[in-house]
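Enquirer: Let me give you the structure first, and then I'll get to my questions.
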Amino acid sequence: METLIPTINRLQEVFLTVGAEVVQLPQIVVVGSQSSGKSSVLESLVGRDFLPRGSGIVTRRPLVLQLVNVAPLQDRLKLENGVKAEEWGTFLHCKNQIFTDFKEIRQEIEAETDRTSGDNKGIGPEPIYLKIFSPKVLNLTLVDLPGITKVPVGDQPEDIEAQVQEMILSFISNPNSLILAVSPANSDLATSDALKLAREVDTDGRRTLLVISKLDLMDAGTDALEVLLGRVIPVRLGIIGVVNRSQHDINTEKSLEDSMRDEQAFLQRHYPSLASRAGSRYLAKTLSRLLMHHIRDCLPDLKTRVTVLSAQYQARLNSYGQPVEDHSATLLQIVTKFASDYCNTIEGTARYIQTSELCGGARICYIFHETFGRTLQSIDPLGGLTDLDILTAIRNATGPRPALFVPEVSFELLVKRQIKRLEEPSLRCVELVHEELQRIIQHCSSFSTQELLRFPKLHDSIVEVVTGLLRKRLPITNEMVHHLVAIELAYINTKHPDFTDAAQVSASVNSQQAEAVDGGKRWKNEKVAEEKVAGFGSPSKGQAINLLDTAVPVARKLSAREQRDCEVIQRLIKCYFLIVRQSIQDSVPKTVMHFLVNFVKEHLQSELALKKANNIISEIRETHLW
């Protein structure tokens, strides 16, 4: 029986490596409202001051406290863990560090709490594991939780009450836990928050022990006898009264030994019939006895659960193959295998080929020739250009002199405007290929070897390296695609062999326009009409007109000359735009392949093996290998 609690303590440490939630171990959970005396009760069980103190929520993370009884220093045949001290403590997060000063234990609790929960009185669910070795303690496992609060203080969130209650319920809902409810004697037991929460998960009270604290602070002429005898609210495991140290005792550093002597004297004076069944020493013995019997009752189910889990994990371990002999070589092989799978997925030679959707190189090909190609084909060479835009460009290019021929400057101005529209779909093509290269990472991970599944941290490192490489290449590829469009804009090659000569276009347009016999007269009438519509006719008498404020008509009937000029420009723009579009449609996929896809394929192996291998190997501990 005496070895049950130490055995559970060792199991608790073991299960931390596989997840504490897989097995619900027997333990005592301490529950109480703020300022109910929880900290004083725990310190009385240890016999030392070691818990943080202050106003508001002091315990902001679960504290799993394991008390281990050891022989006095002079009676030890050999030193415990090589420690030459009567009492000491260790933290699970402080590997191989021994604390012989209990003030340092308090400081470490505060520092570790602030590390994950901040310094704004917020709470956190991650437990702190503290083990205290002393000849003055009984073997016990206790969990100290944040005190129940109602009103947020300082920077605490508005739902702090709900957060605390949710945390408490997550611990006391464990059917293998005992509930130590602490309630002060100077408050109404019927309104005890600790008992209320305990009743929610332990309706028949089989797992609840009630501690009535601060017996010495009751009003004069009153006592807690009826409560301690269970006549007010019966509790199945019993009700124990204790006397806490006052704030004055704490400030004057009154020893716990003296406090316990004063506590026993107080009980003898005020509760002589219950003195032998009250006080901190009796509480410690009762808790140890209850926990041992509770562990004994839980042991059959616990053994069955551990056996089932052991078989499951052994089967999983066997599926990973033979044990790793050379960790460094194995890690390098895994990195090489991943890089090979990644490249094979792009090339279409991977072992695992999907049949439900396009993946890897096939999707990249689809992006180039279907998505990108169709998008470019859907762009109208003359989209966004109106006849008025063309006429305005022609006039701006000729200055104050009427144009005899279509000016080349207006053609360049307008065709550059249309070519610029090819840049956005080209950059979108780069983005789609980049997204597919990211998807290939997950594809390779889902079909990766069993070895990679054994090293989750290695897997995360590989993903980080590949993602980083893609992130570095993306802006470079975007810049090169931007340069492709800029190159086309830099020089409009009207001598391109596929470009129709402007004179030929003009002659073709003229031949297609049937000239009327009275064309000259009609042209003159249209000229007069144009001037009137444009606002250049004679103003009426007495009316001053500012010619610069006269609006240009949005739409009007064009003259034959204007129709001819517009059609010539439109044909030239369309012809040249199609040449550039074909060039962009061909050069953008080549650019993406060279600067992004092929670069990643060629440099992935070296990026993984040379730049990250040393860091990965040094970060992987043997605990991750098994």
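The values are calculated or read from the model by the stated rules, or taken from the named source; none is laboratory data. None of these values were measured; they are calculated from a predicted model. As a convention, Cβ positions derive from the backbone with ideal geometry for all residues, glycine included, and neighbour counts pool all protein chains shown. Surface accessibility is based on the protein's heavy atoms, side chains included, excluding ligands, DNA and RNA. Shrake-Rupley method; radii C 1.70, N 1.55, O 1.52, S 1.80 Å.
Enquirer: Using label points projected 7 Å from each Cα along Cα→Cβ, tell me how many nm separate Glu86 and Thr371, to one decimal.
Expert: Placing both labels 7 Å along Cα→Cβ, they lie 7.4 nm apart.
Enquirer: Which length gain, in nm to one decimal place, applies between Glu435 and Glu126 when the Cα-Cα distance is subtracted from 0.36 nm times their residue separation?
Expert: Fully extending the segment from Glu435 to Glu126 adds 107.6 nm.
Enquirer: 7 Å from Cα along Cα→Cβ at both Thr191 and Asp262: what's the point-to-point distance in nm?
Expert: 2.9
Enquirer: What distance in nm separates the two pseudo spin-label positions at Arg316 and His293, each 7 Å out from Cα along the beta-carbon direction?
Expert: 3.7
Enquirer: Something else now. Take the alpha carbon atoms of the stretch 153-212, find their center, do the same for the stretch 215-268, and report the distance between the two centers in whole angstrom.
Expert: With the stretch 153-212 and the stretch 215-268 each reduced to a Cα centre, they are spaced 20 Å.
Enquirer: Continuing with the same structure: Assuming R0 = 30 Å, can you tell me the calculated FRET efficiency for the pair Ser356 and Lys472, based on Cβ-Cβ distance, to the nearest 0.05?
Expert: The pair Ser356/Lys472 has a calculated efficiency of 0.40.
Enquirer: Please work out the FRET efficiency for the pair Asp159 and Ser276, using the Cβ-Cβ distance as r and a Förster radius of 45 Å; give the result to the nearest 0.05.
Expert: E between Asp159 and Ser276, to the nearest 0.05, is 0.50.
Enquirer: Using a 1.4 Å probe, what is the accessible area per residue for the stretch 183-245, in Å²?
Expert: Spelled out: the 1.4 Å probe surface of the stretch 183-245, per residue, equals 48 Å².
Enquirer: So for the stretch 167-222, what percent of the C-alpha to C-alpha distances run longer than 17 Å?
Expert: The calculated P(r) of the stretch 167-222 puts 39 percent of pairs beyond 17 Å.
Enquirer: Which semi-axis lengths, in whole Å and largest first, follow from the square roots of five times the eigenvalues of the Cα gyration tensor of the stretch 136-229?
Expert: Output for the stretch 136-229: semi-axes of 24, 20, 14 Å.
Enquirer: Mind checking the full-extension length gain between His482 and Ser173? Use 0.36 nm per residue of separation minus the Cα-Cα distance, one decimal, nm.
Expert: Difference between extended and current length: 105.1 nm.
Enquirer: If you take the beta carbon distance between Thr252 and Lys95 as r and set R0 to 30 Å, what does 1/(1 + (r/R0)^6) give as a FRET efficiency, to the nearest 0.05?
Expert: It comes to 0.25.
Enquirer: Beyond a 23 Å Cα-Cα separation, which of these cross-linked pairs lie in this structure: Lys103/Lys214; Lys103/Lys136; Lys337/Lys457; Lys472/Lys590?
Expert: Pairs exceeding 23 Å: Lys103/Lys214.
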